[in-house]
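For reference, the structure is listed below as structure tokens.
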Amino acid sequence: MKLAADLHVHTVSSGHAYSTLEEYVARAKKIGLEMLAITDHGPSMPGAPHYYHFSNMRMIPREIDGIKILRGCEANIINADGDIDLQKNETKIMDILMVGMHIRCGYEDQGEEKNTDVMGKALKKYPRINVIAHPGSPTHPLDPERIVAIAKENKVVLEINNSSQFSRPGSYERCIRIAKEVKRQDWMVVLGTDSHISPMLGDFRSALKLIEEAELSEEHVVNTSVEKIDKYLLKRNAN
């Protein structure tokens, strides 16, 4: 399966990543990607950029050296009400608005059912969210059947996160369950590398192995073409 874009990428601005936008562009060009999304962590993550970083993303060109650039953020859920660490007016500039649950960012694990409820609240409260980041993370477990149904209802795509397979022990089993639910409920995923340094960009090997095991087809994967990215992610945030 050939992928056209990597839509989960962290630059030095995230505070614990190691490459610049220009280094990612050079890597994308070298390996044949058409597009990448800059999705630095939201402000509640220790070391993450100030909200000015996100409001100023309009300065980033739409294309650099032939690589299409999407403006984004991996926002954090910060409380049990489903609030995230960006204001609604600050999300309007985002092409890709991922939402995730991370330790030490305000909302701590309250168990599978409560976590799923809180994620559902976030999707309802922030209609510009278009991707759930690493939903298979065991640090904040989500109910696979319910989260896929909630995501589909809100037209939000679930990520199969390549780096989770080595950075979040226990993710593989949970990701498999989510991927199988995506197939059963006939919904969509996006494969993301969660790159924190440029050599990670475009390396989807673990994620591809996982979706093959779950028997997901190319039809279930959004970032196999720029056209599908436009249809499932960009057009819903065009206004």
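So, residue 144, is that one buried (at least 18 other Cβ atoms within 10 Å of the Cβ), over 16 Å from the mean Cα position of the chain (by Cα) and under 18 Å from residue 187 (Cα atoms) or not? Against the criterion (buried (at least 18 other Cβ atoms within 10 Å of the Cβ), over 16 Å from the mean Cα position of the chain (by Cα) and under 18 Å from residue 187 (Cα atoms)), residue 144 qualifies. In the set (1) within 30 Å of residue 219 (Cα to Cα); (2) in contact with a strand residue (DSSP E or B) (Cβ under 8 Å, 6 or more places away or on another chain); (3) of a type outside the set (Phe, Trp, Tyr), the condition left unmet by residue 44 is number (1). Among the residues of segment 152-168, those that are part of a loop (DSSP other than H, G, I, E, B) and under 13 Å from residue 182 (Cα atoms) comprise 155, 156.
For residue 222, which of the numbered conditions (1) buried (at least 20 other Cβ atoms within 10 Å of the Cβ); (2) under 13 Å from the mean Cα position of the chain (by Cα); (3) within 28 Å of residue 106 (Cβ to Cβ) fails to hold? Among (1) buried (at least 20 other Cβ atoms within 10 Å of the Cβ); (2) under 13 Å from the mean Cα position of the chain (by Cα); (3) within 28 Å of residue 106 (Cβ to Cβ), the lone unmet condition for residue 222 is (3). Selection over segment 1-45 of residues that are of a type in the set (A, V, I, L, M) and under 16 Å from residue 70 (Cβ atoms) gives a count of 13.
For segment 23-42, a residue qualifies if it is over 17 Å from residue 72 (Cβ atoms) and either out of contact with any Pro (no Cβ under 9 Å at 6 or more places or on another chain) or among the aliphatic types (A, V, I, L, M) (or both), and the qualifying residues are 23, 26, 29, 30, 31, 32.
Does segment 188-239 hold any residues that are touching a Phe, Trp or Tyr at 6+ places or on another chain (Cβ under 7 Å), more than 23 Å from residue 176 (Cα to Cα) and in a loop (DSSP other than H, G, I, E, B), and which are they? Of everything in segment 188-239, those that are touching a Phe, Trp or Tyr at 6+ places or on another chain (Cβ under 7 Å), more than 23 Å from residue 176 (Cα to Cα) and in a loop (DSSP other than H, G, I, E, B) turn out to be 196, 197. Across segment 116-146, the number of residues qualifying as part of a loop (DSSP other than H, G, I, E, B), out of contact with any strand residue (DSSP E or B) (no Cβ under 9 Å at 6 or more places or on another chain) and under 13 Å from residue 83 (Cα atoms) comes to 1.
Report whether or not residue 149 is over 21 Å from residue 213 (Cβ atoms), in a helix (DSSP H, G or I) and touching a residue at least 40 places away in the same chain (Cβ under 8 Å). Criteria not met by residue 149.
No value in this document is a laboratory result; all are computed from the given coordinates. What you see is a predicted model, and the numbers here were worked out from it, not measured in a lab. FYI the Cβ positions are ideal-geometry reconstructions off the backbone, even for glycines, and counts take in every protein chain you see.
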